[in-house]
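After the structure tokens below, expect a handful of questions from me.
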Amino acid sequence: MSPRRALVIVDVQKDFVDGSLGTARGAEVAAAISSFLSSDANKYAHIVGTLDWHVDPAGHFVAAGEQPDYSETWPVHCVAGTEGATTYPALDTSAIEAWFRKGEFTPAYSGFEGHLAPAFAEADWLKVERKTIGLEQWLQDRKISHVDVVGIATDFCVKATALDSQSAGFHTTVIEQLCAPVSDEGAQEAFAELRAAGVLIS
Ligand SMILES: [Zn+2]
């Protein structure tokens with residue numbers, strides 16, 4: 001069977017580009033992903049995006065008066081329904097077919113912890129029970145065999161998403177040039193961990 005490839009674009013959101021958790025290469029990477037989509041979108045059977053989407057994420061945000069450790073506690077970011085949680089404008093979202101939100105009430109790094117965002121108003125969505133389909137099931141339903149992962153941040157949500165993708169049985173590749181890290185050392189460690197898990201880095 002010929003490969004069926006999906007592209008997962010991780011967390012290209014304002015807070016991770018130039019907001020409360022901005023990354024040095026975030027803006028550049030958002031533009032680079034758009035340019036990649038204009039030339040390479042047709043390689044993919046499906047293109048999806050993930051969003052960090054916090055309502056009350058249990059200990060993920062630093063407590064008032066304390067300093068974040070940038071490992072488990074973070075400045076407040078990507079609060080559901082706020083400007084900081086929206087996609088960065090340089091990202092062309094026209095080819096993105098579905099969005100998966102993660103972290104509403106728990107810390108969540110992997111897009112595979114996310115659920116398909118329903119297509120109705122935010123105010124209503126916040127009231128209903130969130131039992132929609134997850135990313136793994138969504139990709140399996142579409143007979144995807146290969147997953148490419150790009151986005152922000154290389155050393156956190158890109159890494160976690162790619163590791164989960166690989167362990168879910170998808171042949172997974174991280175496209176290094178289309179990912180922005182929190183730190184360069186963190187990215188190097190992430191690539192080592194990803195390679196050890198069988199993920200390709202291109
Ligand atoms: Zn978060």
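May I ask which residue of A190, Q166, W53 lies farthest towards the positive end of the charge dipole of the chain, with charges of +1 (Lys, Arg) and -1 (Asp, Glu) on Cβ and the Cα centre as origin?
It is Q166, whose Cα lies furthest towards the positive end.
Mind checking which of D56, D164, D15 has the largest fluctuation in a GNM of the chain, springs on alpha carbons under 10 Å?
Largest GNM mean-square fluctuation: D56.
Placing unit charges on C-beta atoms (Lys and Arg positive, Asp and Glu negative, everything else neutral), compute the dipole magnitude of the chain about its Cα centre in debye, rounded to 20. Write out the running numbers ahead of the final one.
Working: 14 positive and 28 negative charges, 171 e Å.
Dipole about the Cα centre, nearest 20: 820 debye.
If you don't mind, another one. Considering Cα pairs under 8 angstrom that are at least six residues apart, work out the relative contact order of the chain and quote it in whole percent.
Reported relative contact order: 25 percent.
Still on this structure: Using a Gaussian network model of the chain with C-alpha springs under 10 Å, which one of Q137, Q67, Q177 is most mobile by mean-square fluctuation?
Its mean-square fluctuation being the largest, the pick is Q67.
Something else now. Scanning the chain for chymotrypsin sites (Phe, Trp or Tyr not before Pro) in DSSP loops with at most 14 other Cβ atoms within 10 Å, what's the longest stretch left with none?
Answer from the scan: 121-202.
Estimate the FRET efficiency between Y70 and S39 by the formula 1/(1 + (r/R0)^6), using the beta-carbon distance for r and 35 Å for R0, to the nearest 0.05.
About 0.50, to the nearest 0.05.
Given the protein chains as shown and a 1.4 Å probe, how many square angstrom of V76 are accessible, to the nearest 10?
Probe radius 1.4 Å; accessible area of V76 about 80 Å².
Residues of the chain: accessible area per residue at 1.4 Å, in Å²?
Accessible surface, normalised per residue, equals 46 Å².
So, with a 1.4 angstrom probe, what is the percent of accessible area on the chain that is carbon and sulfur?
Ligands and nucleic acids excluded, carbon and sulfur reach 52 percent.
Here's something else I'd like to know. Restricting things to Cα coordinates, could you compute the convex hull volume per residue of the chain in Å³?
116 Å³
Ignoring everything but the protein chains, give the 1.4 Å probe accessible area of E66 in square angstrom, nearest 10.
Spelled out: E66, probe radius 1.4 Å, area about 120 Å².
Got a number for the accessible area of S94? Probe 1.4 Å, square angstrom, nearest 10.
Roughly 100 Å² of S94 is accessible to a 1.4 Å probe.
The values are calculated or read from the model by the stated rules, or taken from the named source; none is laboratory data. Because the structure is a prediction, the values reported are computed rather than measured. When we count neighbours, we look across all protein chains shown, and the Cβ atoms used for this are built from the backbone with ideal geometry, even at glycine. What goes into the accessible areas is simple: the full protein's heavy atoms, side chains included, and nothing from ligands, DNA or RNA. Shrake-Rupley method; radii C 1.70, N 1.55, O 1.52, S 1.80 Å.
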